[in-house]
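The values are calculated or read from the model by the stated rules, or taken from the named source; none is laboratory data. These numbers were taken from a predicted model, which means no experiment stands behind them. All Cβ positions, even for glycine, are placed from backbone atoms using ideal geometry, and neighbour counts span all protein chains on display.
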Amino acid sequence: MKSIQRQLLWWLSGGILLATSSAGFAIYYQARHEANQLFDYQLQQTALSLPAHVDTAAIHQNEELEEDILIEVWNPQDKLIYTSNRAFSLPRYKQQGFQTVRAFDEDWRLYIENRRRNFIQIAQPLSVRHELAASLAIRSLAPFFLLVPAMLILVAVIVQRSLAPLEGIAQTLGKRSPTDLQALPDQNLPLELATIVRALNNWLERLDKALSAQRDFIADAAHELRSPLTALKLQLQLTERAKTDAQRLAGFAKLHDRINRAIHLVEQLLTLARHESARNPVADDTTALGELVQEISSDYAATASQKQVGLTTTVPFPDIIVRGNPHSLRILLKNLLENAFNHTPAGGGVHLQVCQEQGTPILRVTDSGCGIPAESRQRVFDRFYRCPGDNAPGTGLGLAIVKNIADQHQACISLEDAPSGQGLQISVAFPPYNTSAHT
Amino acid sequence: MRLLLVEDDPMIGESLEESLHNENYAVDWVRDGHSAELALEHDLYDLVLLDLGLPGKQGLEVLTAYRKRKGPAAVLILTARDAPSDRVKGLDSGADDYLIKPFDLDELLARIRALLRRKSGRIQTELSSAGLVLNPATHEAVFRGQPLHLSAREFGLLQVLLETPGEVVSRARLEEKLYGWNEEIESNTVEVYIHMLRKKLGTDFIKNVRGVGYKVAASPA
């Protein structure tokens, strides 16, 4: 695993070493340059300091000359008349002034001067200068070599101290129960950690909301499931006690109603749970609204005639396509339709319509029922909410399912009074489907 | 015995009403909190079966208000809320018992009998006076050691009279206890039942106090 501390140490020590060695080279070159100038001056001075008539007698006078300097003097007849080192000699070079030559596997710096027709040649090995420059550089860099380990230790300590709160957070989280979604303390944290902790707290808050919504749902569902089961159990016990066949038959008919109600509730609960947990149900599916409306209205023709409610459809644009899952949208439309049927008295009418307004595809269900009072319109999409005085059959989940599916399709639902003034009109406006963008 | 059923679920209400009728109780069924308050204004009921989640006014509010003005009926809460805190709240608001849905019909009926017994200050499960013994649980009647066949109404009428032996019960009171709202009462039905009972029990068993009502003797068997 990557460790911030280890990474920091590696990079910092690498960086410091690189910087130190570059500085060392720079100092070395600078020092060598300065040493060159200095030694050249020294060579020149040595030449100048030689007596006017150099001869063998002068040799002894110049004994204190530095050993690494070789002085040679030739007379005009090219005869070596003086050398500071009898054991060793360089040939005579012709060019006057400073020059660098290679002889005896060594680089030499020469200064040659022609004085009173004698040739004075002062030589010094370059290695002398390099050694001096190197020792200068090493001396300047010595503190750095002490600094590197000190810095590394310091870095290790700082990193450990800065990351200590992280360890604290890890321990706090480790001790927590899975249901404890309280925010982590974000006081006195380094800036970088505070950002993470705040993001984490934000996420915990959203998770808490989602979980409490889930808990509410389970509590609601448990409560709502008990009612049809109670009705079922009571009716079962009543039917068991029936004294006549007629009573028994009536009891069985009621048992059927109650079982159907329980089944319907369970189905609606499952539908809702499925659509709430679905993540990306829309995908790239498309649905033709016209076809859907025709299909569903023929499915419900029998229900309509049984309830003596007129079911009409208007599909002026049969080829309106929306982005959406056909199965989900079928559930949406069925729930809208069932809601309309449940609230429309016999002799009333339910109207299904697909239209397009300013490019927005709209699915519209209008009934001639009791409508929804304005103050309840915000709440009808809540699970299990029923309008006060609403005795129509139903689970209280239909519109919650509709809202869920609409949200997944980024569709907007609006509730209005029916244009006739009697009943409710529900419109679902879908985002326009751009064919070119999806081919 | 007259019961008020407060239940908003039509299916539960329907089945409960039928079950209670079968047990010879007079039952009035209301479906919301406000109607329950209206019904409770008159002191007609021996027992109230109260659902908590009601439209209009919540069951607990109805109960609290009823107990505040010293409503005497026994109250049995029937609810889907099963948390212990809900039960405590229900009982502390003045309920006599608490039953969680879905419940067993037999248990409900037994609890109703127990509450009615307790309310009338009886310890025995059977009602008895002047040689007549009534068992509300089994609907069996024994008169002077012999099993007696009684119709549901006859049984109900005797039950009301035997709750308070020796006391005079008015005709109007008897009608209230025997009939729910939606049952037609013919002007002389109580007299008809009294007449039939006198045939079975002898003319002296139920005494007619002219202009006041009827009573049975308080003497023990």
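Details
- Test set (1) loosely packed, with under 15 Cβ neighbours inside 10 Å; (2) farther than 30 Å from A:Tyr41 by Cα - A:Leu163 fails condition number: (1)
- The set of residues from region B:46-102 being of a type in the set (Asp, Glu) and under 21 Å from B:Arg113 (Cβ atoms) comprises B:Asp46, B:Asp51, B:Asp96, B:Asp97.
- Restricting A:Ala183, A:Ala231, A:Ala221 to residues that are without any contact (Cβ under 8 Å) to a residue 40 or more places away in the chain, of a type outside the set (Ser, Thr, Tyr) and part of a helix (DSSP H, G or I) narrows the list to A:Ala231.
- The requirement of being at pLDDT 90 or above, within 22 Å of B:Leu99 (Cβ to Cβ), more than 10 Å from every other protein chain (Cβ to nearest Cβ) and crowded, with 17+ Cβ neighbours inside 10 Å is satisfied by A:Leu265.
- Count of residues meeting criterion [surrounded by 14 or more Cβ atoms within 10 Å (Cβ to Cβ) and within 14 Å of chain B (Cβ to nearest Cβ)] in region A:193-234: 14
- Within region A:341-359, the set of residues being buried (at least 20 other Cβ atoms within 10 Å of the Cβ) and either of a type in the set (A, V, I, L, M) or part of a strand (DSSP E or B) (or both) comprises A:Val350, A:His351, A:Leu352, A:Val354.
- Residue list for region B:153-204, restricted to those being of a type in the set (Ser, Thr, Tyr) and in contact (Cβ under 8 Å) with a residue 40 or more places away in the chain: B:Thr164, B:Ser170, B:Tyr179, B:Tyr193
- Residue selected from region A:272-290 under the condition more than 23 Å from A:Pro361 (Cβ to Cβ) and assigned to a helix (DSSP H, G or I), by the criterion modelled with the lowest pLDDT: A:Ser277
- Looking across region B:128-175 at every residue that is among the small types (Gly, Ala, Ser), within 18 Å of the chain's Cα centre (by Cα) and surrounded by fewer than 17 Cβ atoms within 10 Å (Cβ to Cβ), the one that is nearest to B:Lys215 (Cα to Cα) is identified as B:Ser170.
- Per the conditions (1) buried (at least 21 other Cβ atoms within 10 Å of the Cβ); (2) more than 27 Å from B:Arg31 (Cβ to Cβ); (3) more than 42 Å from the chain's Cα centre (by Cα), the sole criterion not satisfied by A:Val428 is (3).
- Listed by position, the strands (runs of 3 or more DSSP E) contained in region B:1-105 that have at least 3 residues being among the aliphatic types (A, V, I, L, M) and more than 14 Å from every other protein chain (Cβ to nearest Cβ) are B:2-6, B:47-50, B:74-79.
- Every residue from region B:123-138 that is without any contact (Cβ under 8 Å) to a residue 12 or more places away in the chain and part of a loop (DSSP other than H, G, I, E, B): B:Ile123, B:Gln124, B:Glu126, B:Thr138
- Within region A:294-340, the set of residues being surrounded by 22 or more Cβ atoms within 10 Å (Cβ to Cβ) and part of a helix (DSSP H, G or I) comprises A:Ser328, A:Leu329, A:Leu332, A:Leu333, A:Asn335, A:Leu336, A:Leu337, A:Asn339, A:Ala340.
- Residue check for A:Leu238: within 14 Å of chain B (Cβ to nearest Cβ), touching a Pro at 6+ places or on another chain (Cβ under 6 Å) and at negative phi: no
- Checklist (1) among the hydrophobic types (A, V, I, L, M, F, W, C); (2) away from chain A (no Cβ under 14 Å); (3) within 19 Å of B:Asp46 (Cα to Cα); (4) touching a residue at least 24 places away in the same chain (Cβ under 8 Å) applied to B:Leu150, failing item: (3)
- The set of residues from region A:107-150 being in contact with a helix residue (DSSP H, G or I) (Cβ under 7 Å, 6 or more places away or on another chain) and either closer than 30 Å to A:Leu17 by Cα or exposed (fewer than 11 other Cβ atoms within 10 Å of the Cβ) (or both) comprises A:Arg129, A:His130, A:Leu132, A:Ala133, A:Ala134, A:Leu136, A:Ala137, A:Ser140, A:Leu141, A:Phe144, A:Val148.
- Residue that is surrounded by the most Cβ atoms within 10 Å (Cβ to Cβ) [pool: residues in region A:44-58 that are at pLDDT below 85 and in a helix (DSSP H, G or I)]: A:Thr46
- Scanning region A:360-407 for residues that are modelled with pLDDT of 85 or more, surrounded by 20 or more Cβ atoms within 10 Å (Cβ to Cβ) and polar (S, T, N, Q) turns up A:Thr366, A:Ser368, A:Asn404.
- Test result for A:Arg92, out of contact with any helix residue (DSSP H, G or I) (no Cβ under 7 Å at 6 or more places or on another chain), touching a residue at least 24 places away in the same chain (Cβ under 8 Å) and farther than 27 Å from A:Leu12 by Cα: yes
- B:Asp82 modelled with pLDDT under 90, over 20 Å from the mean Cα position of the chain (by Cα) and among the acidic types (Asp, Glu): yes
- Among the residues of region A:383-439, the ones that are of a type in the set (Ser, Thr, Tyr) and within 14 Å of chain B (Cβ to nearest Cβ) come to 2 in all.
- All positions within region A:94-112 that are under 17 Å from A:Thr46 (Cβ atoms) and modelled with pLDDT under 85: A:Gln96
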